[in-house]
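J.: I have a structure here, written as C-alpha cells, and I will follow up with some questions on it.
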Amino acid sequence: MKQVRFGIVGCGAAAAHHAVACREISDKVKLVAAYDANEKRAKILAKTHGMEPCESYQSLLARNDADAVIVALPHYLHSEVTIAACEAGKHVLCEKPMAPTLEECDAMIGAAKKNGVKFMIAENHRFLPAHVLIHDYVSRGMIGRVHNSRKI
Ligand SMILES: NC(=O)c1ccc[n+]([C@@H]2O[C@H](COP(=O)([O-])OP(=O)(O)OC[C@H]3O[C@@H](n4cnc5c(N)ncnc54)[C@H](O)[C@@H]3O)[C@@H](O)[C@H]2O)c1
C-alpha cells in the first residue's frame, strides 16, 4: 500500500490526536500540511509534526502533495470544507458529528461520490474497548432497558 499524504484543516484538540496517531503509522501515512484560522495553532501543530503551515484551506487543497484531508473543524464548517476537498480530488476523514443538518450530510456524500474519493467520518468511539464492552452488555440485555432522559 502506498503512503497516504494528509493535510489537516483545523488544528485544535482533535487534530492533535490525529497527528499523534498518524505518526504511529508513519509507514502508511505522512502529514504534509496544516491550516487553522488561528495561525499560531497551525504553526505549532505543523512544527510539532513536520508539516507546512498553509494560509488558507483552499491553498492546502490546491497542493499536489496532499492525497487526503483530515477535517477537524467545528461542526458547522464540516460540509463546506469536505465538499471543497472532494471537489479538489482529496479523500476526506471528517470529524464527527458529520454536519448539523441532513441536507449537508447528503451534499457531503454526493460530493465524494461525484468526485470518486473516499469519505469517512471519524466514529472512533465505536471502537474504544470500553464502548465496545458496554455495547455488548446492552445488546445482551445485561443491564436492562436503557433510557435517555434528555428531550431530543
Ligand atoms: N472523534 C472524537 O473523538 C472527537 C474528539 C474531539 C473532537 N471531535 C470533533 O472534532 C471537531 C473539532 O473539535 P476540537 O475539539 O478539535 O475543537 P477545537 O476548538 O479544539 O479545534 C477547532 C479548531 O478549528 C479552528 N477553526 C475555527 N474556525 C475556523 C475556520 N473558519 N477556519 C479554519 N479554522 C477554524 C479553531 O481555531 C481551532 O483550532 C468537532 O467537530 C468535534 O466534535 C471529535
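Computed from the coordinates by the stated procedures, all read-outs in this text should not be read as laboratory data. All figures in this text were calculated on a predicted structure; none of them were measured in a lab. Virtual Cβ from ideal backbone geometry, glycine too; neighbours counted across all protein chains shown.
J.: Over the Cα atoms of the chain, how large are the radius of gyration and the largest Cα-Cα distance (Dmax), in Å?
T.: Here Rg and the maximum Cα pair distance are 17.3, 53 Å.
J.: Pick out, from His91, His18, Tyr76, the residue whose Cα sits farthest towards the positive end of the charge dipole of region 4-123, with +1 on the Cβ of Lys and Arg and -1 on the Cβ of Asp and Glu.
T.: His18
J.: Apply the Debye scattering formula to region 53-134, with a single equal point scatterer on each alpha-carbon and no solvent, then give log10 I(q)/I(0) at q = 0.19, 0.22, 0.24 Å⁻¹.
T.: -0.79, -0.98, -1.10
J.: Right, here's the next one. Give the value in nm², to one decimal: projected area of the alpha carbon convex hull of region 71-114, averaged over all directions.
T.: 2.5
J.: Could you derive backbone 3J(HN,Hα) for region 58-63 from the dihedral phi with the Karplus parameters 6.51, -1.76 and 1.60 (θ = phi - 60°), listing whole Hz in sequence and x where the residue is Gly or Pro?
T.: Couplings: 5, 5, 5, 5, 7, 6 Hz.
J.: May I pose another question? Arrange the following residues from fewest to most other Cβ atoms within 10 Å of their Cβ: Asp27, Asp36, Asp106.
T.: In increasing order of surrounding Cβ atoms, one gets Asp27, Asp106, Asp36.
J.: Report the one residue of Ile109, Asn124, Ser56 whose Cα lies farthest in the direction of the positive end of the charge dipole of the chain (charges on C-beta: Lys and Arg +1, Asp and Glu -1; origin at the Cα centre).
T.: Working it through, the farthest residue towards the positive pole turns out to be Asn124.
J.: By counting other Cβ atoms within 10 Å of each Cβ, how are Leu73, Leu60 ranked from fewest to most?
T.: Going from least to most buried by this count: Leu73, Leu60.
J.: Can you give the FRET efficiency to the nearest 0.05 for Arg145 and Thr101, using r as the Cβ-Cβ distance and R₀ = 30 Å?
T.: 0.45
J.: OK, next. If you place +1 on the Cβ of every Lys and Arg, -1 on the Cβ of every Asp and Glu, and leave all else neutral, what size is the dipole of region 1-133 about its Cα centre, to the nearest 20 Debye?
T.: It comes to approximately 420 debye.
J.: Using a simple charge model, +1 on the beta-carbon of Lys and Arg, -1 on the beta-carbon of Asp and Glu, nothing else, what dipole does region 43-97 show about its Cα centre, in debye to the nearest 20?
T.: It works out to roughly 160 debye.
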